[in-house]
Amino acid sequence: MADETGIRRGLTNYGDKDFAQYLRNSFARSMGLSREMLAKPIVGIAMTPSSFNNCHRAMPELVDAVSRGVLAAGALPMPFPTTSLGEVFLNPTSMVYRNLMAMDTEEMIRAQPMDAVVLIGGCDKTVPAQIMGTLSAGIPAVQLVTGPMSTGRHRGERLGACTDCRRFWAKYRAGDVDAAEIATVEGRLATTAGTCAVMGTASTMACIAETLGLSLPDSAAIPAVHADRLVAAERSGAVAVDLIRKPIVPQAIVTEKSIENALRVLMAVSGSTNAVVHLAAIAGRLGIPITRELFNRISDETPVLVDLKPVGEGYMEDFHAAGGVGAVLHELRHLLHLDTVNVMGETLEQRLSRPLEWVDRKIIRPFAEPVSPVGGLIALEGNLAPEGAILKRAAATPSLFETEGRAVVFEDLPDLARRIDDPALDVEANDILVLKNAGPVAAGMPEAGYLPIPKKLAQKGVKDMVRISDARMSGTAFGTIVLHVAPESAVGGPLAAVRDGDRIRLSVNEKSIRLLIDDAEIARRLAGLPKRPLPKRGYQALYARTVQQAPDGCDFDFLAAETTSTHP
Ligand code: FES
């Protein structure tokens, strides 16, 4: 059989294979690659540097280190660019473009001649996009993350993006911090290369990638500027070469069992709500369902073990020094599927047979002495969210867990921006704020679910209220916030029926969210609502017509495996 590896893979179609090979070799030689080099197996390096992505600032040296590892292990490294998504530089929201990046990653892996790939991502949407793409492309792959930022300092206090960004902004809105100080703080929140410094979405996804087995053991939390980050990059290159010799494809690593392990770690690290959407999309690529029942069972069985912001005290650099994902896995061992495998080809049981060097118990608690006895996230359901909603109970105010209140409704994001600080807004501290039309189809599901406390209440010292929307919220945010309500209001979800003054009941105990109106009245109101027009051209049209709801991970319907499921 003809050798179709390395530079001989997937020849360009000219109708003459030999000519195609000759032409490709000739053009590859123009890059200064010798025949000996071109005879080697190829490891593609999906790189994502961009001046619009601060979190990937260290990408060039990571690419160099991966290349070094690939070369030393006997293969040819071939870096190639894909879409890069810098969270705060994209309009209307990076979430719209995660699937574009996933498609780009999948197609560029498939279209170009490589035997394995190292994916380098970091910022929130990039790692899920790379995992989704590589699962569909199906060649051996190693995920490397850029790593978290280190903290800055302000008047003796440590600061880290972006929980402290929000904390200081809330103080500024309440009048406790003046314009001069907020301008100073602006320059002290994000002071190094790397992803947000807390257990936000990027760090949660890094922990999930490691737990799934797609990243090297103990690599998720290494700070972006630490020398060990480069060592991990070098090793990732070498492991990718090993994977060519003993092929383990990502679909053999990401399984129902490793997804369950990832859900456990998500709960134990009190990870981001966004990771629920991304994990559903990742599982959806393989047709693996994550039901609300499974999600809540795992949440109820799995304590929060990690004391990091936005919920607790520490930062990602502390988590790394404390023992990282490995220490969490050791604590959860009796709940995990130990026969899952990682990119090294070792089972989780083999990984956990290595003793830990040391664990900082201030940051990573023993199973028997958790930060909280139950997991950080729960899935809600009820007549306001027939297909589910998410609440980060670890970041919520316990006194608001059982709340019945009057709805104060904002029709969409412009309406929210226009009225939230209006002194005439009819709102009390025990009301429930509702935002409509911020779901995947209506608005690309921006991180707008963290509705600001109305200024007049913030100035009276109100710190938290129940807030409900079909939007997402930043993994670095906190509060009693019901998110991802599905179906979203723009596609006829009951959220669209809520009016000012309606009563809503949230019960964390019952894991329910209910609009206290009878079903016939909800149906009557929904029937009277106008249909929203969809974009007609380009990617926006493709997005709006094919994006699925949050419980299915907001993946495009034509990219997910052919399975229907009931996710959180
Ligand atoms: Fe990139 Fe937070 S902005 S991880």
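The residues in segment 144-174 that are assigned to a helix (DSSP H, G or I) and in contact with a helix residue (DSSP H, G or I) (Cβ under 9 Å, 6 or more places away or on another chain) can be counted, and the count is 8.
Residues in segment 348-380 that are among the β-branched types (Val, Ile, Thr) and over 25 Å from the mean Cα position of the chain (by Cα): Val359 only.
Can you say whether Ser94 is touching an Asp or Glu at 6+ places or on another chain (Cβ under 7 Å) and buried (at least 22 other Cβ atoms within 10 Å of the Cβ), as far as the supplied structure shows? When the stated conditions are applied, Ser94 passes them. Residues in segment 44-62 that are without any contact (Cβ under 8 Å) to a residue 40 or more places away in the chain and within 18 Å of Pro77 (Cα to Cα) were compared, and the one that is surrounded by the fewest Cβ atoms within 10 Å (Cβ to Cβ) is Pro60. Taken together, the residues in segment 417-437 that are buried (at least 24 other Cβ atoms within 10 Å of the Cβ) and touching a residue at least 40 places away in the same chain (Cβ under 8 Å) amount to 3.
Residues in segment 193-219 that are under 20 Å from His337 (Cα atoms) and either among the aliphatic types (A, V, I, L, M) or free of Cβ contacts under 8 Å to residues at least 12 places away in the same chain (or both): 7 in all. Within segment 157-174, restricting attention to residues that are small (Gly, Ala, Ser) and within 14 Å of the ligand (Cβ to nearest atom), the residue that is farthest from Ala477 (Cα to Cα) is Gly160.
Candidates Ser215, Ser258, Ser203: the one that is closer than 30 Å to Ala458 by Cβ and under 21 Å from the mean Cα position of the chain (by Cα) is Ser203.
Looking at Val498, is it modelled with pLDDT of 95 or more, more than 16 Å from the ligand (Cβ to nearest atom) and over 30 Å from Thr195 (Cα atoms)? Yes, satisfied. Taken residue by residue, segment 467-490 has at least one member that is touching a Ser or Thr at 6+ places or on another chain (Cβ under 6 Å), hydrophobic (A, V, I, L, M, F, W, C) and away from the ligand (no atom under 16 Å from the Cβ).
Those residues that are among the hydroxyl-bearing types (Ser, Thr, Tyr), within 16 Å of the ligand (Cβ to nearest atom) and part of a helix (DSSP H, G or I), I need them from segment 175-223; list them, please. Thr201, Ser203, Thr204, listed by residue number. Which one is farthest from Ser258 (Cα to Cα) among residues in segment 331-351 that are touching a strand residue (DSSP E or B) at 6+ places or on another chain (Cβ under 9 Å) and in contact (Cβ under 8 Å) with a residue 24 or more places away in the chain? If we take residues in segment 331-351 being touching a strand residue (DSSP E or B) at 6+ places or on another chain (Cβ under 9 Å) and in contact (Cβ under 8 Å) with a residue 24 or more places away in the chain, then Glu331 is farthest from Ser258 (Cα to Cα). Scanning segment 98-113 turns up at least one residue that is away from the ligand (no atom under 12 Å from the Cβ), within 16 Å of Gly475 (Cβ to Cβ) and either crowded, with 22+ Cβ neighbours inside 10 Å or among the charged types (D, E, K, R) (or both). If you go through segment 328-351 and keep only what is within 16 Å of Cys207 (Cα to Cα) and surrounded by 14 or more Cβ atoms within 10 Å (Cβ to Cβ), you end up with Val328, Leu329, His330, Glu331, Leu332, Leu336, Thr340, Val341, Asn342, Val343, Leu348, Arg351.
Residue-by-condition table, conditions (1) at pLDDT 95 or above; (2) closer than 30 Å to Ser150 by Cβ; (3) of a type in the set (Lys, Arg):
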{"residue": "Arg8", "(1), (2), (3)": "yes, no, yes"}
{"residue": "Gln21", "(1), (2), (3)": "yes, no, no"}
{"residue": "Val43", "(1), (2), (3)": "yes, yes, no"}
{"residue": "Asn54", "(1), (2), (3)": "yes, yes, no"}
{"residue": "Val63", "(1), (2), (3)": "yes, yes, no"}
{"residue": "Arg98", "(1), (2), (3)": "yes, yes, yes"}
{"residue": "Glu107", "(1), (2), (3)": "yes, no, no"}
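Among strands (runs of 3 or more DSSP E) entirely within segment 455-568, having at least 1 residues that are crowded, with 16+ Cβ neighbours inside 10 Å and charged (D, E, K, R) singles out 466-469, 503-507, 512-515.
The values are calculated or read from the model by the stated rules, or taken from the named source; none is laboratory data. These numbers come from a predicted model, not from an experiment. In this analysis, Cβ positions are derived from the backbone assuming ideal geometry, glycine residues included, and neighbour counts consider all displayed protein chains.
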